[in-house]
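Read-outs throughout are calculated quantities, based only on the coordinates presented, and are distinct from any laboratory measurement. All figures in this text were calculated on a predicted structure; none of them were measured in a lab. Note: ideal-geometry Cβ built from the backbone for every residue, glycine included; neighbour counts use all protein chains shown.
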Amino acid sequence: MKKFSRIWLRKWGAFPLWGLLILLLSAYPSTGASGIELFTATQIFLWVTLASNWNLIGGMTGYLDFGHGVFFGIGAYTMGILVTNTSLAFAPNLSFWQALPWTGLIAVIFALLIGWATLRLKGPYFSIAMLSTFAATRELIRILRPVTGGGSGLDLPPVLNRVGDYYFMLVLMAIVVSLIGWIRRSKLGLSLVAIREDEIGAEMRGINTTFHKLFAFAVAAFFTGICGAFWAWQNTYIDPDVVFLQNRNILMIMMCMLGGLGTVWGPVIGALILYLLQDSLWSNLADYHLLSLGILLILIILFIPYGILGTLKNNKISLLDLLSRRGFDTPHR
Amino acid sequence: MNQFLQALINGLLLGGFYAVMVLGFSVLWGVMGVINLAHGEFLMTGAYLAWLLFNTFSLDPFISLVLIMPVMFILGFVMQKYLLNRLLERPSLATLLATFGISVILANVHKIIYSADPRNVAVPYSGSFEVMGLSFPIVKTLIFAIALAIMAGLYLFLQYTRLGKAIRAAAQNKNAARIVGIDIEQVYAITAGICIALTAAAGAIISPIQAIYPFMGQPFTLKAFTITVLGGLGQIPGALLGGMFLGIAEVMVATYVPGIGINLGVVISLLVLIVVLILRPQGLLSGLRKMQTD
């Protein structure tokens with residue numbers, strides 16, 4: 001019994017702590033936090049969610065998606081088109097909650113279509129095909145002016161609700177991180193890791209690799225689409241350049257690299273650190289902040305390729321081991 | 001008919017530029033397996049250097065080529081020697097991300113130096129001449145001629161010089177090359193220097209007809225990838241064929257599909273890329289090294 005509880009604690013022990021953290025965070029708005037503080041917290045939740053999603057396909061399955069922002073963009077544009085009432089060819093003028101399910105759904109459909117073609121490519125071919133998809137979708141959105149507003153963008157209804165935004169992103173983050181934690185511990189997650197380590201071996205073992213890859217891709221696309229939709233709603237304005245932002249792709253990848261590829265909690269830690277860092281870089285040296293991020297990316301690759309959690313694990317530092325044994329596994333090779 | 005022939009000519013001229021643009025990318029990939037995501041940014045650097053020399057010393061970009069290439073050779077040499085050589089034993093993600101980082105750095109350094117305003121190099125001889133009712137823009141024809149010359153030069157260099165043979169040996173079998181006494185690290189650094197110099201040369205020769213701005217690079221990188229996959233890694237004739245194919249496809253779409261212009265270049269190259277990778281993952285021609293698609 002004692003042994004069982006230790007195994008249970010190792011496997012699931014991080015979840016009660018995660019729940020406790022979410023509970024504590026949900027009390028934050030009632031402590032009299034200012035609007036800008038709530039906004040910053042909301043952005044951090046958004047980035048944690050995005051990075052965790054990228055980690056599902058990039059870290060666990062080992063398919064390094066260099067254009068994951070395309071789903072963010074699809075979600076944002078679906079939301080934009082569905083809620084605006086400007087003189088577009090198609091303007092249903094829905095409310096936020098009516099439009100939200102569609103954003104995820106359209107992102108999933110797009111992911112299945114594009115994944116069907118790109119997921120059969122391996123390694124760098126997949127990465128660059130996704131980068132191309134990202135750039136190509138941006139161009140298409142720019143050209144489809146009657147539906148998307150083209151280069152001049154779309155104005156969404158201006159609604160300011162910082163507390164509502166905060167709770168929306170908190171709940172979404174809680175769901176996504178828990179879901180990915182659960183996937184990592186389930187047979188499904190083990191299959192994904194098996195695909196990463198040896199795809200042909202996994203296939204021979206009887207894992208339906210196509211299904212698993214598409215599934216991971218679709219889940220990541222769904223929540224990324226929802227994130228994009230939320231971002232569009234919060235930002236109240238979208239155009240191809242702000243939605244399909246190259247930096248967003250880079251940041252998602254960097255957050256996972258910094259925290260530890262393929263770990264459940266790595267993207268959470270990485271997103272927190274990197275968001276705060278880039279926020280302070282942006283406000284202190286605006287012109288140089290992207291430059292510093294590029295340099296940071298190279299430093300991470302050179303000196304901590306396994307990320308924070310991976311490095312701790314490799315050095316047998318077991319402090320965090322207590323939290324989640326399964327969270328640490330050999331990073332992607 | 002005349003419109004078709006004119007589009008074909010324009011496509012061929014564009015294709016010649018694409019072919020020389022892709023050389024650096026293709027050889028770097030073929031010789032050491034590095035997919036250089038900063039390719040377009042090195043091209044942009046070359047274009048900015050050409051603009052700078054044109055603006056300050058009114059040097060023609062087709063002449064300042066000779067000055068730009070050595071400078072960029074050093075940049076490429078240093079990048080390979082002190083950064084990428086350390087990552088070669090790592091999974092391919094490492095070099096991919098490192099060159100991604102370099103592309104971010106280069107684009108933003110140029111944005112800080114030159115601001116994001118587009119620049120252009122206004123050469124004095126921008127007209128066109130006619131042959132049999134078809135018009136040939138002077139600048140584009142000149143670009144085409146220089147592109148062919150550069151390609152021929154690289155081909156002869158790789159085929160007949162000692163260093164060129166060493167580079168090919170390193171591409172074919174790293175360990176065997178090491179055994180016969182080739183300093184792989186040094187050869188890699190020199191190769192990278194040559195590749196970056198070629199890329200910057202492509203940027204310099206395109207500067208008269210292309211708006212130069214810090215974030216112009218990405219489409220070039222993506223097109224270079226497509227052309228390399230089409231033509232085979234490190235293959236000079238393949239680069240020529242792939243470049244021509246993409247150039248003609250782009251111009252044909254721009255000519256015959258109304259209301260789109262040349263903005264669809266990236267979309268076309270994505271479609272070509274996906275079709276080729278699915279139907280013929282080894283590329284249309286075999287290259288210096290086999291593409292590892294699984």
Divide by every residue of chain B the summed helix terms, -39500 (n - 2.57) for each DSSP H run of at least 4, and state the resulting mean residue ellipticity at 222 nm, rounded to the nearest 500 deg cm²/dmol.
-> -24000 deg cm²/dmol
Can you sort A:PHE39, B:PHE73, B:PHE57 so the residue with the fewest Cβ neighbours within 10 Å comes first?
-> B:PHE57, A:PHE39, B:PHE73
Specify which residue in the list B:MET132, B:ASN10, B:PRO118 is farthest towards the positive end of the charge dipole of region B:1-146, using unit charges on the beta carbon of Lys, Arg (+1) and Asp, Glu (-1), about the Cα centre.
-> B:PRO118
Of the listed pairs A:LYS213/B:LYS111; B:LYS111/B:LYS174; B:LYS81/B:LYS165, which have alpha-carbon separations greater than 27 Å here?
-> A:LYS213/B:LYS111; B:LYS111/B:LYS174
Which value, in debye to the nearest 20, describes the size of the charge dipole of chain B about its Cα centre when Lys and Arg Cβ atoms bear +1, Asp and Glu Cβ atoms bear -1, and nothing else is charged?
-> 680
Hey, what number do you get for chain A at 222 nm if only DSSP H runs of n ≥ 4 count, each worth -39500 (n - 2.57), divided across all residues, to the nearest 500?
-> -23000 deg cm²/dmol
Sort the following peptides by mean Cβ neighbour count (other Cβ atoms within 10 Å, averaged over residues), highest first: B:4-16, A:17-29.
-> B:4-16, A:17-29
Counting partner chain Cβ atoms within 10 Å of every residue's Cβ in A:116-126, what's the average?
-> 6
Please list the equivalent ellipsoid semi-axes of region A:34-247, computed as the square roots of five times the alpha-carbon gyration tensor eigenvalues, in descending order and whole angstrom.
-> 31, 21, 13
Roughly how many whole Å is it from the C-alpha centroid of region B:43-120 to that of region A:204-235?
-> 36
Cut-off under 5 Å, modelled amide H: who pairs with A:PHE66 long-range | A:MET130, A:LEU131
Residue-averaged beta-carbon neighbours from other chains (10 angstrom radius) around B:217-225 = 3
Over the protein assembly as shown, what per residue volume does the convex hull of the Cα atoms give, in whole Å³?
-> 172
With charges set only on the Cβ (+1 for Lys and Arg, -1 for Asp and Glu), what does the dipole of chain A come to about its Cα centre, in debye to the nearest 20?
-> 1440
Please work out whether region A:1-159 counts as rounded, prolate or oblate from its C-alpha gyration tensor, where a ≥ b ≥ c are the square roots of the eigenvalues and a/c under 1.5 means rounded, while otherwise a/b larger than b/c means prolate and anything else oblate?
-> oblate
Using only Cα positions of region B:15-212, each an equal point scatterer, no hydration layer, compute I(q)/I(0) via Debye at q = 0.14, 0.17 Å⁻¹ and quote the log10 values to two decimals.
-> -0.82, -1.11
What list do you get for A:THR311, A:THR49 if you sort them by fewest beta carbons within 10 Å?
-> A:THR311, A:THR49
Under a Cβ-Cβ cut-off of 14 Å, what is the net charge of the residues other than A:GLU139 that fall near it, where Lys and Arg count +1 and Asp and Glu count -1?
-> +1
Taking alpha-carbon centroids only, region B:1-25 lies from region A:38-53 a number of Å equal to 46
Which of the trypsin sites (Lys or Arg not before Pro) across region A:169-258 are loop residues per DSSP, with 11 or fewer other Cβ within 10 Å?
-> A:ARG205
When you look at the Cβ of every residue in A:129-142, what mean number of other chain Cβ atoms sits within 10 Å?
-> 6
